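Novice: After the structure tokens below, expect a handful of questions from me.
The values are calculated or read from the model by the stated rules, or taken from the named source; none is laboratory data. The model shown is predicted, which means the values in this text are computed figures rather than measured ones. Virtual Cβ from ideal backbone geometry, glycine too; neighbours counted across all protein chains shown. These accessible areas exclude ligands, DNA and RNA; they are computed on the full protein's heavy atoms, side chains included. Shrake-Rupley method; radii C 1.70, N 1.55, O 1.52, S 1.80 Å.
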Amino acid sequence: TKVKEAAQSAMVVIDHKTGYVVGAVGTLGEKTTGNLNRVNEIRRQPGSSIKPIAVYGPALQEGLITAASVYDDVKVTYNKGKWSPSNAYSGYKGLSNMRQAIKVSSNTVAVQLLDNLNPAKSLEYLRRLGVTSMVADKDNNLSLALGGITRGISPLQMAAAYAAIANDGEYIEPTFYTKVVDSNGKIIIEANQPKERV
């Protein structure tokens with residue numbers, strides 16, 4: 001039997017200077033009752049897209065690395081030899097600076113760097129970047145570097161965290177509106193967007 005179910009997707013576009021959500025798609029296809037808004041109602045494991053906000057950015061801020069710092073992309077093992085992260089590409093690339101490691105999305109380098117940074121410190125940065133779905137006692141481990149997290153992250157929170165990078169490190173809570181006024185022009189609701197230098 002053929003399944004006639006379309007793949008789903010979500011997208012968020014944020015003005016990184018204001019935190020205004022200027023575009024969002026929460027479901028593909030015709031909108032019907034019961035459609036989920038994947039912009040903020042659905043969380044998925046982010047995979048390697050978490051590396052810049054959970055590993056490289058915090059490590060740069062903490063002074064552990066520069067863009068030219070070198071790590072060895074080799075087989076590494078943790079948990080008394082029980083876990084050895086592999087790369088999506090075949091084998092290992094050897095000595096790699098951070099630019100190269102990011103370019104090829106090296107898993108071994110990201111895990112080594114997170115081990116030096118400390119997963120708890122990474123969770124702190126993610127929280128400051130607006131990621132509220134982290135589970136402190138379950139996600140405080142090295143698989144965090146690869147996006148292996150308990151609850152996942154929504155597209156809205158990922159977009160807002162990346163917007164902070166584009167905004168020179170300042171996180172602005174995203175909003176879909178600026179204000180609501182009544183027929184007399186009186187402001188009924190105004191967006192309150194907390195900001196934090198991350």
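Novice: Which residues, taken from region 1-56, are among the small types (G, A, S) and in contact (Cβ under 8 Å) with a residue 24 or more places away in the chain?
Specialist: Within region 1-56, S9, A10, G19, A24, G47, S48, S49, A54 qualify.
Novice: Pull up region 159-173, narrow it to residues that are in contact (Cβ under 8 Å) with a residue 40 or more places away in the chain and open to solvent by 30 Å² or more (accessible area, probe 1.4 Å), then point me to the one that is farthest from R127 (Cα to Cα).
Specialist: Start the filter on region 159-173 by keeping residues that are in contact (Cβ under 8 Å) with a residue 40 or more places away in the chain, which leaves 159-167, 169, 171-173.
This time we only want the ones that are open to solvent by 30 Å² or more (accessible area, probe 1.4 Å), so: 162, 165-166, 173.
Details: Y162: 13, I165: 14, A166: 18, E173: 12 Å.
Across region 159-173, the extreme among qualifying residues is A166.
Novice: Within region 42-57, can you find the residues that are farther than 16 Å from S143 by Cβ and not in a loop (DSSP other than H, G, I, E, B)?
Specialist: P52, Y56, G57
Novice: Among the residues of region 88-112, which ones are under 13 Å from V74 (Cα atoms), surrounded by 14 or more Cβ atoms within 10 Å (Cβ to Cβ) and among the aliphatic types (A, V, I, L, M)?
Specialist: A101, V109, A110, V111, listed by residue number.
Novice: What number of residues within region 127-158 are small (G, A, S), open to solvent by less than 30 Å² (accessible area, probe 1.4 Å) and without any contact (Cβ under 8 Å) to a residue 60 or more places away in the chain?
Specialist: The number of residues fulfilling the criteria is 1.
Novice: When the residues of region 25-45 are filtered to those that are under 17 Å from V135 (Cα atoms) and basic (K, R), which remaining residue is least open to solvent (accessible area, probe 1.4 Å)?
Specialist: If we take residues in region 25-45 being under 17 Å from V135 (Cα atoms) and basic (K, R), then R43 is least open to solvent (accessible area, probe 1.4 Å).
Novice: Let me ask another. Go through region 65-107 residue by residue and tally those that are assigned to a helix (DSSP H, G or I) and either at pLDDT below 95 or farther than 16 Å from L142 by Cα (or both).
Specialist: Here the count works out to 7.
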